[in-house]
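Beneath this line is the structure, given in structure tokens, with notes to follow.
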Amino acid sequence: MAIIGKLACDSCGLEIENEGLKVFWLDFSGELRISSQTRITMINFYDNTLLRGYLSKRYCSHCRNHVNTYRLDNCGEGYDMKRACNLLKLLIKGYKVDPVGLRDHLYGGEGFFLKPKDGLDMKKDKESFDVIGLTDYDLTLDGRKIDKDTCPNCGGGIDFLTDGSPCPRCSCNLHGVRRKFLD
Ligand SMILES: [Zn+2]
Ligand SMILES: [Zn+2]
């Protein structure tokens, strides 16, 4: 079950989707999928044993940027987290990958060269930073290690936006508006 609500600012009128924790997975065409945790989604999620994990969307109120943290699931014995992490970096950057031979690659096989497919989706209008959450630190897409739960841009603490958080636009307090249950 997913709770989707909105946060709104009475002062400047900003409205933000508040979707909580999301999930991501590599689908059969070699693309990264991101979705809320509905029942249907979770069936796809657990069916996929090549690459999957949780995505938390948080906010840095110091430099006013959104920070997306991807945490990979370990998909069983022999699963190569380092290779999965390198693959995830490409997928977050917008590459598709060729799924042929990928299972073998991610479970420690030799002789598979990871090929990105179809070029890069050049979305540069993003107002957010992406990091990969590891056990002891977080990793930026250009390979920088940063402290967990900190902003890759300014080093400040990041948190989920909730009822009472400062508005990203004007710093007045946000409040929750609607809640609906998706399933
Ligand atoms: Zn920041
Ligand atoms: Zn505001």
Check: Out of the range 6-113, which GluC sites (Glu not before Pro) are coil in DSSP terms and have no more than 15 other C-beta atoms within 10 Å?
Finding: GLU77, GLU110
Next item on the list: Lys and Arg at +1, Asp and Glu at -1: add these up for the other residues within a Cβ distance under 10 Å of ILE132 and post the number.
Entry: 0
Next item on the list: Provide Rg over Rh for the range 24-74; use the alpha carbon set for both Rg and the Kirkwood Rh (inverse mean inverse pair distance).
Entry: 1.07
Next item on the list: Consider all pairwise Cα distances in the range 45-104 and report the whole-number % of them above 19 Å.
Entry: 38
Check: Binned at 10 Å from 0, what are the whole-percent values of the Cα-Cα distance distribution for the range 1-92, short to long?
Finding: 14, 41, 28, 13, 3, 0
Check: Where does each of 35-48, 54-67 land if you order them by average Cβ count within 10 Å, highest first?
Finding: 54-67, 35-48
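We did not get these values from a lab; they are worked out from the coordinates using the rules stated. Keep in mind that what you see is a predicted model, and the values were worked out from it rather than measured. FYI the Cβ positions are ideal-geometry reconstructions off the backbone, even for glycines, and counts take in every protein chain you see.
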